[in-house]
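Here is the structure we will look at.
Quick note: the coordinates plus some simple rules give every number you see, no bench work behind them. Bear in mind the structure is a predicted one, so any value in this text is a computation, not a measurement. Here the Cβ positions follow ideal geometry from the backbone for every residue, glycine too, while neighbour counts run over all protein chains shown.
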Amino acid sequence: MNHLKPSEILETTVESGIAKSGSSFKKLFILGIMAGAYIAFAGAAANMASFNLLLSSETFGLGKILSGTIFTGGIIMVTLAGAELFTGNNLMTLAVLEKKIAVSGLLRNWAIVYIANFAGSVLIAWMVYNTGTLSSGGDMLGAFTVKVAAGKVSMDFLQCLVSGILCNWLVCLAVWSSTGAGSTVGKIFALFFPIWLFVTGGFEHSVANRYFISAGIFAAQNEVFSALSGAAPEALSNLNWQGMITDNLLPVTIGNIIGGAFFVATAYWLALKGGKGDVK
């Protein structure tokens, strides 16, 4: 099967958006939970593999490269196994621009999938905490988990917003590119590099953060993890469910929507459509 041209990718993405808009609540919610879980699995594995490197300034870059390499597995599972991920679904904006679905259909999908992604991510975070694996490396994996989460709820609004834009620009570019790939191997490679870049670049993903921050909230219950994390007391005091939502997820989610819906979906629509709506 040949690789699709950009105009064909656009049309395929529009058709996908129509189908997603018409999906039942049950289908969207179950597949949304699965997507949140897949991303959380990837986040947990990436932390396990790279925490010792990321805790040292001398090996920090190597840690990010390794973390990004492993995290790509989550997006690959979402795409190939079939699941509903909020950030990727920002490409449904194309179907709205083509007047194939109503804005209400778009928002319905986003709302259901967003909540379901949240549930899947938190479920895996709770399960990982209860496996005891955060005690790995002399409790330093648990300490790292707390440190990462505390750092995320301590970012200012603009940092979260811009980082969210950059993140989902790359995530939606990955989904866009994989849609055009003509083979499973091609889809994997198309997904791998943009996702690897966003993780290595340190950008903020609203679904991944639901794992990273909730895992940190659970880990912070362990006084040893909190003490070893080196996180400031004010950061630890803000490491809770309210802080997670208001100080990270809200601005990151807005940024993710801008990055995916505007810098990818709208940008390609404007580039590939003529004045009369004909695909070039």
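Which links in 26/187; 100/187; 152/187; 187/273; 5/64; 20/99 stretch past 21 Å when you go from one Cα to the other?
Listed pairs above 21 Å: 26/187; 100/187; 152/187; 187/273; 5/64.
Could you compute how fast the stretch 105-216 diffuses translationally, taking Rh as the Kirkwood radius over C-alpha pairs and applying Stokes-Einstein at 25 °C with viscosity 0.890 mPa s? Give it in µm² per second.
156 µm²/s
Quick check for me: using +1 on Lys/Arg Cβ and -1 on Asp/Glu Cβ, what's the dipole size of the chain about its Cα centre, in debye to the nearest 20? Could the numbers behind the result be given before it?
Values: 15 positive and 13 negative charges, 168 e Å.
So the magnitude is around 800 debye.
For 57, 183, 50, 16, what's the fewest-to-most ordering of other Cβ within 10 Å of each Cβ?
The most exposed by this proxy come first: 57, 183, 16, 50.
For the chain, report the translational diffusion coefficient in µm²/s to the nearest whole number, using Stokes-Einstein at 20 °C, 1.002 mPa s, and a Kirkwood Rh over Cα pairs.
Translational diffusion coefficient: 113 µm²/s.
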